[in-house]
Amino acid sequence: MKQLIRYPDRRLKPAILVMMSSGIRIGAWNYLRWGDITPIERNGEVLGAKLIVYRGEAEEYFTFITPEAYEAIQEYIDFRIAHREKITEKSWVLRDEFDVAKSSRGIATIPRKLQSSGLKRLIERALWAQGLRKPLEKGEKRHEFKTDHGFRKYFKTISEKHMKSLHVEMLMGHATGLADNYYRISEDEMLEEYTKAVPALSVYNIPIEYENEQIKNMQNEMMRLKFDLVKVLRTLKESNLISDDDIKTKFMTMQNHVKFDKEFIMVKDTDGMDIAF
């Protein structure tokens, strides 16, 4: 995701961080104004921001964004203010591109809303330019990551690992059946739930303890893969379908992790110690 955000268009970073951390549809940008975003502070610390999605429409609902997403939007707004755009609550959060030196690509002081269709094209250009999207293989009809729905799916998948599914559905603006009439949760309670997922929904501002947890999970997953590989290799050896020489030549990249010592298979654990199988 960091590689995509590096694409040199100031609008892309806030747009992606907002969609990743809120789950809003790309079409919601047709309605989102600066006044629909309210920062949430506690003891001088910004915990994130509240978004009013589809304000004034029948589908109106609220959700949240991460502190880094709000910071990215604020930086983008400050950039526009620095170039003499008058920002009000009615200002569109995303606008047309303008040249800071000349008016060949739009005028800084006369903003025009960036339509959701324009944002979709911008994301698609960035995916190709950053090498994150390749031509489809023969027989394939669509790319794995959908420009218009991929970030929403990402939000749902990540959030449900840290929040109740019902709360995730509510933050995505989904109807929840009987819960719409009988289930009530305050905004503060919902925010408390959301903050549980903030580290996982963040790209840059990840707490050290969470990074350590991610590293530990990756190490554990690597060990499980090593053990599974050993089981497969042992079965192949016992069936005389593969020899030690075959393993050494075909699994060269694994030599620092898995070695054969006479009748044993040695696997290095995360501390560098050998485990015999």
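The values are calculated or read from the model by the stated rules, or taken from the named source; none is laboratory data. Just so it is clear, the structure is predicted and the values come from calculations on it, not from any experiment. Positions of Cβ are generated from backbone atoms using ideal geometry, with glycine treated the same way; all protein chains shown enter the neighbour counts. We work out accessible area using only protein heavy atoms, side chains counted, and drop any ligands, DNA or RNA first. Shrake-Rupley method; radii C 1.70, N 1.55, O 1.52, S 1.80 Å.
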- request: Please tell me if ASP78 is part of a loop (DSSP other than H, G, I, E, B) and of a type in the set (Asp, Glu).
  value: no
query: Inside the range 30-58, can you point out the residues that are in contact with a strand residue (DSSP E or B) (Cβ under 8 Å, 6 or more places away or on another chain) and either part of a helix (DSSP H, G or I) or of a type outside the set (A, V, I, L, M, F, W, C) (or both)?
result: ASN30, TYR31, ARG33, TRP34, ASP36, THR38, PRO39, GLU41, GLY48, LYS50, TYR54, ARG55
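Residue-wise test of (1) among the β-branched types (Val, Ile, Thr); (2) more than 22 Å from TYR204 (Cα to Cα).
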| position | (1), (2) |
| --- | --- |
| TYR7 | no, no |
| LYS13 | no, no |
| VAL18 | yes, no |
| ILE24 | yes, no |
| GLU57 | no, yes |
| ILE65 | yes, no |
| ALA69 | no, no |
| LYS90 | no, yes |
query: Across the range 31-83, which residue is surrounded by the fewest Cβ atoms within 10 Å (Cβ to Cβ) among those that are among the aromatic types (Phe, Trp, Tyr) and within 30 Å of ALA101 (Cα to Cα)?
result: PHE79
- prompt: Under 9 Å by Cβ, and 6 or more places apart or on different chains, what pairs join a residue from the range 68-80 that is under 22 Å from ALA108 (Cβ atoms) with one that is open to solvent by 10 Å² or more (accessible area, probe 1.4 Å) and small (Gly, Ala, Ser)?
  reply: ILE77/SER91; ARG80/SER91; ARG80/ALA108
- prompt: Taking the range 169-185 on its own, how many of its residues are of a type outside the set (Lys, Arg) and at pLDDT below 90?
  reply: 11
query: Given the structure, is ARG121 out of contact with any His (no Cβ under 8 Å at 6 or more places or on another chain) and open to solvent by 20 Å² or more (accessible area, probe 1.4 Å)?
result: yes
statement: Looking across the range 73-121 at residues that are among the hydrophobic types (A, V, I, L, M, F, W, C) and touching a strand residue (DSSP E or B) at 6+ places or on another chain (Cβ under 9 Å), the single one that is farthest from ILE26 (Cα to Cα) is PHE98
message: Being more than 23 Å from the chain's Cα centre (by Cα) and touching a residue at least 12 places away in the same chain (Cβ under 8 Å) narrows it down to one residue among ARG33, ARG25, ARG84, ARG10; which is it?
response: ARG84
- request: Considering each residue of the range 136-168, count those that are of a type outside the set (A, V, I, L, M, F, W, C) and modelled with pLDDT of 90 or more, and give that number.
  value: 12
query: When the range 8-29 is examined, which residues are found to be within 26 Å of ALA108 (Cβ to Cβ) and in a loop (DSSP other than H, G, I, E, B)?
result: PRO8, ASP9, ARG10, ARG11
statement: Quick count over the range 84-116, residues being loosely packed, with under 13 Cβ neighbours inside 10 Å and modelled with pLDDT under 95, is 10
